[in-house]
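Where a number appears in this text, it was derived from the coordinates with a stated rule and is not lab data. From a predicted model like this one, the values you see are computed outputs, not experimental measurements. Here Cβ is always computed from backbone atoms with ideal geometry, including for glycine, and neighbour counts include all displayed protein chains.
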Amino acid sequence: MYRVRLFALSIIMLVAVVALAQVDWASMSPDEQQEMMQKWQELATPTAAHELLQPMVGNWKTTTSMWMAGPDGPPMISEGESVKTMALGGRWLQEDYSGTMMGQPFNGRGMTGYDNYKNMYINTWQDDMSTALTYATGMRHAETGVFTFHGLTDEPMLDVQDRAIKYTYVIESNDKHVFTMYDLHAGDDFKVFEIVYERAK
């Protein structure tokens, strides 16, 4: 664990050194240097936007519905478990998922956070049924509280790259939230995937 933390700290310091090398640090006044470092620190500090992910923290039982023939057809249903924690000092919501998919064991990891510089949420996903990384960006609706992400994914079976998709996270209560994925190539409301998370007792 110590080596992992040391490696992570080294990466952060390397990024900082590279960034500072792009500016004429020597010609800046002490006040300007302090201002730059303060800005860096502010951008690196978790905010209220990160706190809005807190309701999804916990241990969850999941029910997954997958519509192979489109949203009007019968779904393929499977069950699983999910553990969601706030990682890296509260900057990222990390999900570790285990269950089944199409009758096969399925494990995945997702990361969701808020980029203070870009002012948007970031979501990534990777699992053991693919070698690809799915990446999406999104926002939270101020009134409804719904998180909506847009991204791209590949469909190797259809020989299609960068197919547009939409994700939504709806927090229905402290003990339940729902993740839904839509295929935007097929239509705005073409639902292909849904996971219902219910807090484990």
Size of charge dipole - the chain - debye, nearest 20, with Cβ of Lys, Arg +1 and Asp, Glu -1, no other charges: 600 debye
Efficiency of FRET from Cβ geometry, residue 116 and residue 144, R₀ 30 Å, rounded to 0.05: 0.85
Sequence of 122, 195, 77 once ranked by neighbouring C-beta atoms within 10 Å, starting from the fewest: 77, 122, 195
Set of aspartates and glutamates with alpha-carbon distance to residue 191 below 20 Å, sequence-local pairs under 8 removed: 72, 79, 154, 155, 162, 172, 183
Whether segment 50-199 is rounded, prolate or oblate, judged on the alpha carbon gyration tensor where a/c under 1.5 counts as rounded: rounded
Local electrostatic count at residue 137 - Lys and Arg +1, Asp and Glu -1, tallied over other residues with Cβ under 10 Å: 0
The chain - mean residue ellipticity at 222 nm from DSSP helices (-39,500 (n - 2.57) per run, n ≥ 4, rounded to 500): -6000 deg cm²/dmol
Highest to lowest packing among 55-65, 143-153, scored as the average C-beta count within 10 Å: 55-65, 143-153
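Arranged by the count of other C-beta atoms within 10 angstrom, fewest first, what order do 43, 133, 184 take? Don't jump to the answer; show the numbers that get you there.
Values: 43 12, 133 9, 184 15.
So the residues, fewest neighbours to most, are 133, 43, 184.
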GNM flexibility winner over the chain from 27, 173, 98 (Cα, springs under 10 Å): 27
Angle between the chain longest axis and helix 30-44 axis [Cα atoms, degrees, rounded to 10]: 10 degrees
For residue 114, distant residues with modelled amide H under 5 Å away: 122
Residues 198, 155, sorted so that the one with the fewest Cβ neighbours within 10 Å comes first: 155, 198
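May I ask for the net charge around residue 38, where only other residues with Cβ less than 11 Å from the Cβ of residue 38 are counted and Lys, Arg are +1 while Asp, Glu are -1?
Combined, the nearby Lys, Arg, Asp and Glu give -3.
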